[in-house]
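Below is one structure, written out as structure tokens; the observations come after it.
The values are calculated or read from the model by the stated rules, or taken from the named source; none is laboratory data. Source: prediction; values computed, not measured. Virtual Cβ from ideal backbone geometry, glycine too; neighbours counted across all protein chains shown. We work out accessible area using only protein heavy atoms, side chains counted, and drop any ligands, DNA or RNA first. Shrake-Rupley method; radii C 1.70, N 1.55, O 1.52, S 1.80 Å.
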Amino acid sequence: MRAIHQSLLVPSVSAEGVLRLVALLLGVAFLALGLLLPLATMLLKSLQDRSGDFVGLANFARYFQTPALAGSIANSLTVALITTVIVVGLAFLCAYGITRTRMPGKRFFRMLAILPILAPSLLPAISMVYLFGNQGWFRDWLMGQSIYGPIGIVMGMSFWIFPHALMILTTALSNSDARLYEAAEALGTPKWRSFFTITLPAARYGLISCAFVVFTLAITDFGVPKIIGGQYNVLATDVYRQVVGQQNFQMGAVVSVILLIPAVISFIVDRLVQRRQVAQLSARAVPWQPAPNPVRDWTFTILCYGVGGIILVVIGTAIYASLVRFWPYNLSLTLTHYAFQGLAGSGWEAWTNSLRMAAAVALVGTLVVFVNAWLIEKSGGYRPLRQGLHFMAMLPMAVPGMVLGLAYIFYFNQPGNPLNWLYGTLAILVLNTLVHYYTVCHLTSITALKQLDPEFESVGASLKVPFWTTFRRVTLPVSLPAVLDISVYLFVNAMTTVSGVVFLYSTDTRLASVAIMHLDEAGYFASAAAMAVLIFFTSLVVKLLHAALTYALLTKAQRWRNAG
Amino acid sequence: MLHSSATLAAKSRSVAPPSAQPHLQISGLTKRFGDFTALRDIALEVHEGEFVCFLGPSGCGKTTLLRAIAGLAPQSEGRIVQRGRDISRLPPQARDFGIVFQSYALFPNLTVFDNIAYGLRNQRADRQRIRQRVAELLELVNLRGSEDKYPAALSGGQQQRVALARALATEPALLLLDEPLSALDAQVRVHLRGQIKGLQHRLGVTTIMVTHDQEEALAMADRIVVMNHGVIAQVGTPAEIYREPASAFVAAFIGNMNFFDVTSEGREGLRLGHRRLEGVPHDLTPGVAARLAIRPEAVRLCTEAEGLAAQVEDVEFLGAFLRVTLRLEECEQFVVADIADREVVSLDVKPGQRLGIRLPNESVRLYPAAEAGV
Ligand SMILES: Nc1ncnc2c1ncn2[C@@H]1O[C@H](COP(=O)(O)OP(=O)(O)OP(=O)(O)O)[C@@H](O)[C@H]1O
Ligand SMILES: [Mg+2]
């Protein structure tokens, strides 16, 4: 009797509890508006005709009956698969060089290898044109093949995706247990056998995860095929052509849905694999220290620095191209291309827009992502709500930028939508970019928060300190390195992204990355290169500032970190 | 059906509460995690100024009960009343307690001073007042001069004391300690044990400490709450718990205990193997199996003729006493006896030697044969 009476009692509501609930609901609403509703609208559009009547799968039927459209599936798969093989192979060798050899200058090589991430994917494409195009230095190397097409796409993508793969595989290979190798050596196992029986199996989850990440990036990338694809159509460029070129939104939605499929599959596989990898790590593993081996060490040094050299050549080409007066006829150097004269809206104005957008994404995004992660990880109660928020935070990883961008058109441009005013503003670009890159930041935050003592909040509550004070005085300062990582990640991605925002800018909010595309379309190749280089250096400066700030923080401002 | 242990346990005097109103009254408290019931129908009173230990094996629900009292993990059912105020549904902020966790949960980015002042700042006390109070607390836990250090620069024992000072800073009426000593090495532990107990005594703050170290509980507590599988097995002073364990579980969990399988024979008799033991009153129906329990230090050794015949299997030297393991000849059961050094000489205790043992009736307890959890 008493028991029943008790369980019917409503928990007493505290002001803090209410505030937390409101914050959670806001978090859910944010991702519902920024992700779920647009996606749902897009799925619906793919089942409607131009006048908005439901037609079932008719659009899909028409898609598959149009060879010019359906052919892109094979094209996309082909370039994505080839890119995956090349990138994973190269990245594995380089990661092996970093983790398992004594090659000199590892840190320098890792810095070199990160550079491609700082540029939009349009930059390598532009460089490829200069290197292998009709007037390129090395066009003979292609033996009569054109760079405009699959070859160019694969080369450009490989360059741009390489750092992502290298980071994953370096992590996977550093999780090695020296004890296994010692045991193998004691048993007289040949080196090549321990490679196949220890190294590969230990890294297999990392390899699988890496392959899927690379494949997804390759199949969803828009920048490279846009610049260098020529007549070779892929899914990402099809979405753009259908929507911007032919104003056929329904078909754009259909292609988006098809583009969503590989991304979702790879997302699911990645999640499954990640779960296993955690279980595989033994807490007592001893890190492995490679013994010197001149032949191996020099082989990998040459290989890694070869890759590093290629990266420098590609970036250098873009820089050179942006400085040359008139390629290839007048090779005198000039800064005129950086004036962007007569290119209204595609010049410095676009760069300023990008800067503002990236700063806003970094600022707002870090706050939103970290607070949401905190609500999920560190606040009690409302369990279903917190789990729902976590699930929604994981989803953006499965949604290609093109798809999200198109979904935004459908959702925010509906006449009846009260959020219609967002359309055409910088705010919608910020929202889109933030949601697009949400998942990685979310995972970084969660990992950082999990490392904190779970009782900080309890201590705060027992001392009657409101939770926001504990958040401000303890949780945030202790997680600051992760928070800085998130903000710089968001900033760099916001500077370089094309795919998400290409549908959403207006004449007033044209971005630098979009400007590259327009300049290239209009034949201002040098100016396009200049803009790409501008983005690259902007990201580089921010990245260096971040490194300096982190260093200062860890050694000076947060003295407590080295108190022990 | 079996009342013997209850009869014996009934002799234990109940400690009368010194003041009229208990500090904490818990009744009908149940906590479920999904299908799993971590606490079942807990009823408990804690008196004002008392030092109570929750003692029990790992996973028995000690922490869960402590967190329910704190409001950190609210109970599924039941009432908690603190000083006459029903706090059952209040969030932790609205309750009056200080807590020290096993991990201490010191804020790594704040100095010792700021850690201790953490709750004081919130009370909008002025700076001078805060400084004074922190100084007082540091004095109290013997950590003068550590104000500006960061937690990472302190030893485990020092961190523990900072956590204690932080919990006491706001002068809570109830202090909750979750295994506060378990992360420390043995020597520091014994030292801090005395310090905490002394501090609690001086401040008179009602304290509940969770531990799974029985020695710690026996040394520190005014009363011990022995828990098992989410229920309270016994509540009593350390002496009561040790001398008159209410169940075979408590008997086995606290200290060492010999158990013998016996069968009842008449009103005063018990059969142990071929022998009949007299003078142990019980109300068992004849022929029922039961377990006879006796502490090793209560077992007396004598010559073979004077007691139950037994053969010495092993002698362990443990400093202050010797631990002798013997095999009872009548029933092939083993018995452990802790005896003083000089008895060994007089009786010539050595492996293989045949001796007698006596089980003094006043030290013997009887428990039902089959009891869950033992
Ligand atoms: N959040 C939870 N969800 C599910 N089960 C839980 C949770 N917290 C505790 N339990 C379970 O409740 C039981 C009691 O846990 P509790 O932490 O109170 O044990 P304890 O007595 O403090 O043990 P220990 O000495 O190991 O700290 C355990 O079986 C535990 O697995
Ligand atoms: Mg516990």
Task: Label-zone membership for the stretch B:237-269, site B:L318, 7 angstrom Cα→C-beta point, backbone N under 15 Å - done: B:252-259
Open item on the list: Suppose the chain between A:A291 and A:V85 were pulled fully straight at 0.36 nm per residue; how much longer would it get relative to their current alpha carbon spacing?
Closed with: 71.2 nm
Task: Principal axis dimensions, the stretch A:340-440 - Cα atoms, whole angstrom, descending - done: 58, 30, 24
Open item on the list: Can you tell me, using C-alpha contacts under 8 Å and at least 6 residues apart, the relative contact order of the stretch A:350-465 as a whole percent?
Closed with: 40
- [ ] Mind running the shape call on the stretch A:294-402? Use the C-alpha gyration tensor, a ≥ b ≥ c as the square roots of the eigenvalues: rounded below 1.5 for a/c, prolate if a/b tops b/c, oblate otherwise.
- [x] oblate
- [ ] Quote the relative contact order of the stretch B:230-374 in percent (integer), defining contacts as alpha-carbon pairs under 8 Å separated by 6+ residues.
- [x] 25
Task: Mean projected area in nm² (Cα convex hull; one quarter of hull surface) for the protein assembly as shown - done: 52.8
TODO: Heads up, I need the accessible area for A:T425: 1.4 angstrom probe, whole protein in place, Å², nearest 10.
DONE: 40
TODO: Run through the DSSP bridge list for the stretch B:151-300 and note the antiparallel percent, rounded to the nearest 5.
DONE: 75
Task: Shielding by partners - mean other protein chain Cβ count within 10 Å, residues of A:463-471 - done: 5
Open item on the list: Kirkwood hydrodynamic radius, computed over distinct alpha-carbon pairs, for the stretch A:405-564: how many Å, to one decimal?
Closed with: 18.8
- [ ] Taking 7 Å along the Cα-to-C-beta vector as the label spot, tell me the A:L43-A:T425 distance in nanometres, rounded to one decimal.
- [x] 2.8
Task: Per-residue mean of C-beta atoms belonging to partner chains within 10 Å, peptide B:21-31 - done: 1
Open item on the list: Suppose each label sits 7 Å from its Cα in the direction of the beta carbon; what would the A:F108-B:T37 distance come out to in nanometres?
Closed with: 7.0
Open item on the list: For the stretch A:108-241, what are Rg and Dmax over the alpha carbons, in angstrom?
Closed with: 19.4, 62
Task: Relative counts (whole %) of C-alpha pair distances in the stretch A:195-263, using bins that are 10 Å wide - done: 19, 37, 21, 14, 7, 1
- [ ] Work out the charge dipole of the protein assembly as shown with +1 on the Cβ of Lys and Arg and -1 on the Cβ of Asp and Glu about the Cα centre, then indicate which of B:I130, A:Q48, B:L326 is farthest towards its positive end.
- [x] A:Q48
Open item on the list: What FRET efficiency comes out for A:W298 versus B:D185 if R0 is 30 angstrom and r is the Cβ-Cβ distance? Round to the nearest 0.05.
Closed with: 0.05
Open item on the list: Under a crude label model (7 Å from the Cα following the beta-carbon direction), how far is B:E297 from B:Q123 in nanometres?
Closed with: 4.3
TODO: Please report, in Å, the Rg and the Dmax of the stretch A:459-535, where both are computed over Cα atoms only.
DONE: 20.8, 66
Task: Exposure rank, largest accessible area first [A:V244, A:V435; 1.4 Å] - done: A:V244, A:V435
TODO: Would you please report the Å³ per residue occupied by the convex hull of the alpha carbon atoms in chain B?
DONE: 167
TODO: Can you figure out the FRET efficiency of B:Q132 with B:A340, using R₀ = 56 Å and their beta-carbon distance, to the nearest 0.05?
DONE: 0.55
- [ ] Within 10 Å, count the other beta carbons around each residue, average over each peptide in B:322-331, A:378-387, A:222-231, A:505-514, and list them highest first.
- [x] A:222-231, A:505-514, B:322-331, A:378-387
Open item on the list: Report the A-B buried area as the accessible area lost on both sides summed, probe 1.4 Å, in Å² to the nearest 100.
Closed with: 3000
Task: Viscosity 0.692 mPa s, temperature 37 °C, Stokes-Einstein D of the stretch A:151-223 from Kirkwood C-alpha radius, µm²/s - done: 235
Task: Compactness index (Cα Rg / 2.2 N^0.38 Å), the stretch B:200-352 - done: 1.25
Open item on the list: How much length would be gained if the chain were fully extended between A:A547 and A:F54, taking 0.36 nm per residue of separation minus their Cα-Cα distance, in nm to one decimal?
Closed with: 172.2 nm
Open item on the list: Students often get this wrong, so check it: of A:K106/A:K450; A:K106/A:K556; A:K106/A:K543; A:K556/B:K149, which have C-alpha atoms separated by over 21 Å?
Closed with: A:K106/A:K450; A:K106/A:K556
Open item on the list: If I model the stretch A:1-155 as equal point scatterers sitting on the Cα atoms and use the Debye formula, what is log10 I(q)/I(0) at q = 0.08, 0.10 Å⁻¹?
Closed with: -0.60, -0.80
- [ ] Just the number, please: Stokes-Einstein D of the stretch B:92-149 in µm²/s, Kirkwood Rh from C-alpha pairs, 10 °C, 1.306 mPa s.
- [x] 128
Open item on the list: Could you work out [θ]222 nm for chain A from helices alone, using -39500 (n - 2.57) per DSSP H run of at least four and dividing by all its residues? Round to the nearest 500 deg cm²/dmol.
Closed with: -21500 deg cm²/dmol
- [ ] Give, in whole angstrom and from largest to smallest, the semi-axes √(5λ) of the equivalent ellipsoid of the stretch B:126-194, with λ running over the eigenvalues of the Cα gyration tensor.
- [x] 22, 15, 10
Open item on the list: Using a 10 Å cut-off around each Cβ of peptide B:64-76, what is the average number of partner chain Cβ atoms that fall inside?
Closed with: 2
Task: Helical mean residue ellipticity (222 nm; -39500 (n - 2.57) per DSSP H run of 4+; nearest 500) of chain B - done: -7500 deg cm²/dmol
